[in-house]
Every structure is written in structure tokens, then in C-alpha cells.
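Encoded as C-alpha cells, the structure appears first; notes follow it.
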Amino acid sequence: MNSVGEACTELKREYDQCFNRWFAEKFLKGDSAGDPCGQLFKRYQLCVQKAIKEKDIPIEGLEFMGASKGKTENSS
């Protein structure tokens, strides 16, 4: 499946491949330590956020994982 932004598709594939490898080779065998795909995910996430903004896709009301997760509206 392609990404929301054409420029992000290769990053998505790289992340998916990294995650699937980690999941099968580590996590399912009891090793959940570390985050080998974290940097790839961050790069992909930034690309998707940029594509959403460029395509003017409405995202009001959606919750995203990230820095603001867990903060209330009144938090600074």
C-alpha cells in the first residue's frame, strides 16, 4: 500500500520492512527491548504530516501519536 504522499512511499516501505523484521525476529521471540525502527518512523511521520498539509487534508478531531499525546488542550 502506498503512502498518503507519493514522496513518502519509499520511507513507508523501509519502515514497514524494518518493523516486520523486528517483530518477527525479536518481539515474537520475547525480545521487546530497543526501538530499531524509531528513526525511520519519525522520518516517515514527518513526511506524511507534510503531505497532509500540502494536500490540505482535514485532520481536525483526529488523534496522533507524538509529542502532544497525553497533553490536555489547556497544557502548555
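The values are calculated or read from the model by the stated rules, or taken from the named source; none is laboratory data. Note that this is a predicted model, so its numbers are computed, not measured. Cβ atoms come from the backbone with ideal geometry, glycine included; neighbour counts cover every protein chain shown. Areas reflect the complete protein model, heavy atoms only, side chains present, ligands, DNA and RNA absent. Shrake-Rupley method; radii C 1.70, N 1.55, O 1.52, S 1.80 Å.
Residue 7 sits among other residues whose Cβ lies under 10 Å from its own Cβ, and their net charge, with Lys and Arg +1 and Asp and Glu -1, is -2.
With N the number of residues in segment 6-55, Rg(Cα) / (2.2 N^0.38 Å) evaluates to 1.31. The modelled label-to-label distance between residue 49 and residue 31, using points 7 Å beyond Cα along the C-beta direction, is 3.1 nm. What accessible area per residue comes out for segment 6-55, rounded to a whole number of Å², with a 1.4 Å probe? That works out to 77 Å² per residue.
With K and R counted +1 and D and E -1, the other residues having a Cβ less than 12 Å from that of residue 19 yield a net charge of 0.
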